[in-house]
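Read the structure below first, then the notes.
The values are calculated or read from the model by the stated rules, or taken from the named source; none is laboratory data. The structure presented is a predicted model; accordingly, all values stated were derived computationally and were not measured. Cβ atoms come from the backbone with ideal geometry, glycine included; neighbour counts cover every protein chain shown.
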Ligand SMILES: Cc1cc2nc3c(=O)[nH]c(=O)nc-3n(C[C@H](O)[C@H](O)[C@H](O)COP(=O)(O)OP(=O)(O)OC[C@H]3O[C@@H](n4cnc5c(N)ncnc54)[C@H](O)[C@@H]3O)c2cc1C
């Protein structure tokens, strides 16, 4: 595998951008993460196709990310290519009562736009950071509502099949999971909304936002909920009963607003975060016999977590 050869081939063939040794702390809401060997912004479908061909030829692993708001990248970085969807994937438009969105579009922008056009259904997503692609891969949402339930169709890209159109019902949607990211790079989605009363949409959005502000440490770098809620319970509640709020390893701290958030209090490393994750997991296991699973995604090599 040659990163240098791939870099050269990508530099020559892309509309978008390719960089070597890109610090991933610039691309995660945790502001943590060492360098990715290659960092590629694909602006067009042709860019995606060219990138996947080059990476396959050079046998280089890759991952696609959105805004890195659910991601912990190792301190040593990622030995492979990180792909971000650029220009052509950062557009959205109304189609009747539906909204067609590129995967690189910021979800919050779609939510605001739906409100301004009097389209309801996305109010629950107010304040969920990240892109439409990330939201689809994670089936982002709340306890009661999630984006998968609104998906009319998705377009993914694979090296073998090119563009594939999947209906919402052909995708497996679970609690903070979906298989759409495993089917290919998610390029675009059509979200089903319906005409609604703007004042009522606004009321719902304000309610969601107020709930979020009161219960989440929005002012500090984090990647949202660290652990998935175990069946019938809440990870935050379990952690809080152990008096773990404020627990600190290095600059990684269990939030005193929400015990299922680990925040970066300054210069936290990925290792600080994974050590804290292990400490919490072990305490919950000892106290309740429950094995907490992480909701955040990991990129690169980790000793633990
Ligand atoms: C303060 C805060 C609050 C949060 N609140 C919530 C919440 O209420 N509900 C909730 O569900 N989440 C929440 N999150 C987590 C996070 O915002 C969501 O999971 C979000 O949808 C991730 O989007 P992203 O673009 O940042 O994805 P990333 O973090 O960049 O990626 C997440 C995963 O999606 C994959 N992926 C991204 N784009 C693509 C693509 N185009 N094709 C294929 N795979 C792709 C990545 O490989 C990775 O596995 C919160 C995070 C923060 C920081």
In this structure, does residue 131 turn out to be surrounded by fewer than 22 Cβ atoms within 10 Å (Cβ to Cβ) and within 11 Å of the ligand (Cβ to nearest atom)? no
Could you tell me whether any residue of region 268-286 is modelled with pLDDT of 95 or more, in contact with a helix residue (DSSP H, G or I) (Cβ under 9 Å, 6 or more places away or on another chain) and surrounded by fewer than 16 Cβ atoms within 10 Å (Cβ to Cβ)? no
Closer than 22 Å to residue 155 by Cα and either more than 11 Å from the ligand (Cβ to nearest atom) or not assigned by TED's automatic domain parsing to the domain that holds residue 223 (or both) - does that describe any residue in region 73-80? no
Can you confirm whether residue 61 is surrounded by fewer than 18 Cβ atoms within 10 Å (Cβ to Cβ) and in contact (Cβ under 8 Å) with a residue 60 or more places away in the chain? no
Hey, any hits in region 211-221 for a residue that's closer than 20 Å to residue 98 by Cα and out of contact with any helix residue (DSSP H, G or I) (no Cβ under 6 Å at 6 or more places or on another chain)? no
Contact list please: Cβ distance under 6 Å, first residue in region 274-302 and touching a residue at least 24 places away in the same chain (Cβ under 8 Å), second residue buried (at least 20 other Cβ atoms within 10 Å of the Cβ) and part of a helix (DSSP H, G or I), pairs at least six apart or on different chains. 280/239; 284/238; 290/284; 292/235; 292/281; 292/284; 302/274
Being surrounded by 14 or more Cβ atoms within 10 Å (Cβ to Cβ) and under 21 Å from the mean Cα position of the chain (by Cα) is true for just one of 236, 196, 219, 250. Which residue is that? 236
Only residues that are away from the ligand (no atom under 16 Å from the Cβ) and surrounded by 12 or more Cβ atoms within 10 Å (Cβ to Cβ): list them for region 288-300, please. 288, 290, 292
Please pick out the residue among 148, 174, 181 that is under 21 Å from residue 105 (Cα atoms), without any contact (Cβ under 8 Å) to a residue 40 or more places away in the chain and touching a helix residue (DSSP H, G or I) at 6+ places or on another chain (Cβ under 9 Å). 148
